Amino acid sequence: MSQAKDLKQKLFNKFENGYQAMSEQALDACNAYAKGYIDFLDKNRTERECAVFAEKVLRANGFEPVDEHRTKPYQAGDKIYKIQRNKAVIAAVIGKKALAEGVKIAAAHVDSPRLDLKPNPLYESENMAFFKTHYYGGIKKYQWTAIPLSLHGVICKAGGEKLTVNIGDDPADPQFVVTDLLPHLATEQMKREARQIVKAEELNLLIGSVPFKDDEESELVKLNILNLLFKKYGICERDFLSAELCAIPAFPVREIGFDRSFIGGYGHDDKVCAYPALTALLECGVPENTCLAVWVDKEEIGSEGNTGMKCDFLRYFIADLARTVGLQGRDVIRNCSCISADVNAGFDPTFADVVDKYNCAYVNKGVCLTKYTSAGGKSGSNDASAEFIAYLRGIYDKAGVLWQIGELGKTDLGGGGTVAKYVANLDIETVDLGVPVLSMHAPFEIIGKVDLYNAHLAFKEYFKA
Ligand code: MN
Ligand code: MN
């Protein structure tokens with residue numbers, strides 16, 4: 001070996017491609033793990049569906065609902081969970097060490113961009129019926145036209161009855177679509193700026209065209225739709241006022257590429273981190289520190305509301321645990337640490353300009369650690385401490401977790417937010433770590449299997465350490 005080669009080996013930093021760096025055995029495990037994730041992502045597309053899934057899995061694995069008024073200490077190995085208002089989840093495995101030594105948290109979000117229905121959505125125009133939508137999260141609106149959409153959510157009736165809706169995923173179901181203009185007649189549309197090529201008020205969901213059989217009345221297509229809904233759900237138009245329904249991409253989750261190294265699907269952001277956080281917790285055995293997997297809602301609109309990370313329910317959960325051993329919440333919280341498990345932008349050679357190629361996340365080079373997320377002068381960002389990053393580095397390098405480090409785009413471009421800063425605000429050491437995504441926030445996002453699997457390993461090793 002030449003002296004330079006030798007020195008390079010010793011001194012240069014390198015991030016390796018998983019397909020070269022990982023053993024055949026590890027790659028087999030990676031492919032097997034991906035199958036479970038594909039099934040999960042296919043069947044759980046909204047935060048409510050994720051919460052139902054989590055509760056089922058947690059129950060099956062011996063987790064019990066937390067008793068918030070408990071005063072007796074839990075034992076090492078006890079498993080508890082809380083479902084926060086049907087949309088967020090905290091699952092905990094009690095560790096061997098005293099709670100005062102802190103809790104380890106992996107926190108991801110399970111909401112994804114989509115088209116919510118407006119409170120009064122249904123209208124008829126020229127013998128066609130539509131739902132008005134109000135988009136949720138950051139989307140390129142033009143991407144949401146001319147693709148199959150399914151309808152998910154709940155309708156809460158004034159009497160307290162709650163109906164769950166899921167139409168469009170079963171092959172026997174009808175689907176829905178937002179129409180777009182044909183190119184032949186789009187000369188004027190194509191002059192609009194990209195943000196307005198399809199305007200928010202043009203995101204109208206096509207839902208029917210058959211008029212109710214009667215010559216006398218107007219709005220007979222709308223009437224026919226309501227009649228169908230009345231027969232199926234027993235609802236009338238007023239019930240939409242207290243419903244949460246959304247149109248989401250109906251594409252099945254699929255392997256992508258001749259070599260099947262990618263997974264394409266709706267809502268990788270951030271279920272591609274939420275799923276590994278949970279599976280890691282399920283496999284943590286009896287950990288040293290108490291470990292938490294947290295799934296929150298509303299990240300895509302700023303972590304607002306009582307199911308988002310700005311809400312105190314995580315703090316209360318830890319404080320309730322602290323009380324069982326006679327401590328104040330803050331006695332435990334200040335010694336906690338957290339991996340804010342969220343996606344980063346994967347490097348896309350087609351759009352190479354938007355990133356600093358020395359500081360971005362590459363698909364299949366492992367799970368990506370992100371010290372800070374925002375653009376410009378880092379304002380609005382949790383800027384993770386070198387101490388905490390060094391701690392994780394030590395764990396990952398020792399355990400052979402494939403990981404990389406990246407920023408979200410060039411310094412003065414874009415940037416994004418995660419739940420990290422809200423956790424850090426509690427006085428918790430926090431850093432972002434997650435899977436690089438291509439076409440993020442598009443109806444069909446892409447991730448690499450190697451990164452997914454290494455996210456699982458990263459959370460597992462963090463819990464284990
Ligand atoms: Mn995210
Ligand atoms: Mn997002």
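Taking interchain pairs and intrachain pairs at least six residues apart, which have beta carbon atoms under 6 angstrom, with the first residue in the stretch 375-392 and within 23 Å of Ala465 (Cβ to Cβ) and the second part of a helix (DSSP H, G or I)? Going by the 6 Å Cβ cut-off, the qualifying pairs are Asn382/Ala420; Asn382/Lys421; Asn382/Ala424.
Here Glu407 clears all of (1) farther than 23 Å from Ile333 by Cβ; (2) at pLDDT below 95; (3) within 14 Å of ligand 1 (Cβ to nearest atom) except the condition numbered (3).
State whether the residues of the stretch 113-123 include one that is within 16 Å of ligand 1 (Cβ to nearest atom) and either open to solvent by 30 Å² or more (accessible area, probe 1.4 Å) or modelled with pLDDT of 95 or more (or both). Can you show your working first?
From the stretch 113-123, those within 16 Å of ligand 1 (Cβ to nearest atom) are 113-114; that's our starting set.
With either open to solvent by 30 Å² or more (accessible area, probe 1.4 Å) or modelled with pLDDT of 95 or more (or both) added as a condition, the list becomes 113-114.
Yes: one or more hits.
If you go through the stretch 284-314 and keep only what is small (Gly, Ala, Ser) and either within 16 Å of ligand 2 (Cβ to nearest atom) or not in a strand (DSSP E or B) (or both), you end up with Gly285, Gly302, Ser303, Gly305, Gly308.
With the condition kept exactly as written, say whether any residue in the stretch 345-352 is farther than 30 Å from Ala21 by Cα, of a type in the set (S, T, N, Q), away from ligand 2 (no atom under 16 Å from the Cβ) and over 15 Å from the mean Cα position of the chain (by Cα). Outline the logic, then answer.
Filtering the stretch 345-352 for residues farther than 30 Å from Ala21 by Cα gives none.
No, the stretch 345-352 contains no residue that is farther than 30 Å from Ala21 by Cα, of a type in the set (S, T, N, Q), away from ligand 2 (no atom under 16 Å from the Cβ) and over 15 Å from the mean Cα position of the chain (by Cα).
State whether one or more residues within the stretch 389-399 are closer than 28 Å to Phe313 by Cβ and within 14 Å of the chain's Cα centre (by Cα). No, because not a single residue in the stretch 389-399 is closer than 28 Å to Phe313 by Cβ and within 14 Å of the chain's Cα centre (by Cα).
Can you tell me which residue among Ala420, Ala455, Ala442, Ala386 is open to solvent by 20 Å² or more (accessible area, probe 1.4 Å) and either within 16 Å of the chain's Cα centre (by Cα) or modelled with pLDDT of 95 or more (or both)? The unique qualifying residue is Ala386.
Within the stretch 286-305, if we keep just the residues that are within 12 Å of the chain's Cα centre (by Cα) and β-branched (Val, Ile, Thr), the residue that is farthest from ligand 1 (Cβ to nearest atom) turns out to be Val294. Here is a check on your reading of the model: is Tyr396 in contact (Cβ under 8 Å) with a residue 40 or more places away in the chain, touching a Ser or Thr at 6+ places or on another chain (Cβ under 7 Å) and among the hydroxyl-bearing types (Ser, Thr, Tyr)? Taking the combined requirement at face value, the residue does not satisfy it. Taken over the stretch 423-439, residues that are open to solvent by 10 Å² or more (accessible area, probe 1.4 Å) and either within 13 Å of ligand 2 (Cβ to nearest atom) or at positive phi (or both) amount to 2. Could you list, in sequence order, all residues of the stretch 429-445 that are in contact with an Asp or Glu (Cβ under 9 Å, 6 or more places away or on another chain) and over 30 Å from Arg334 (Cβ atoms)? Pro436, Val437, Leu438, Ser439, Met440, His441, Glu445, listed by residue number. Leu226 falls short on exactly one of the conditions (1) among the hydrophobic types (A, V, I, L, M, F, W, C); (2) within 26 Å of Gln84 (Cα to Cα); (3) assigned by TED's automatic domain parsing to the domain that holds Gln175; (4) open to solvent by less than 50 Å² (accessible area, probe 1.4 Å), and that condition is (2). Cβ-Cβ distances below 7 Å connect no pair with a first residue in the stretch 433-451 that is under 13 Å from Ala345 (Cβ atoms), a second residue that is crowded, with 24+ Cβ neighbours inside 10 Å and at pLDDT below 95, and a separation of six or more residues or different chains. Between Glu188, Glu193, Glu219, the distinction of being open to solvent by 90 Å² or more (accessible area, probe 1.4 Å) and either in contact (Cβ under 8 Å) with a residue 40 or more places away in the chain or touching an Asp or Glu at 6+ places or on another chain (Cβ under 7 Å) (or both) belongs to Glu219 only. When each of Leu438, Leu433, Leu369, Leu426 is tested for being more than 22 Å from Glu304 (Cα to Cα), touching a helix residue (DSSP H, G or I) at 6+ places or on another chain (Cβ under 8 Å) and not hydroxyl-bearing (Ser, Thr, Tyr), the lone residue that passes is Leu369.
The values are calculated or read from the model by the stated rules, or taken from the named source; none is laboratory data. Values in this document were obtained by computation on a predicted structure and should not be read as measured data. With ideal geometry, Cβ positions are generated from the backbone for all residues, glycine too; neighbour counts draw on all protein chains shown. The accessibility values were calculated without ligands, DNA or RNA, using every heavy atom of the protein model including side chains. Shrake-Rupley method; radii C 1.70, N 1.55, O 1.52, S 1.80 Å.
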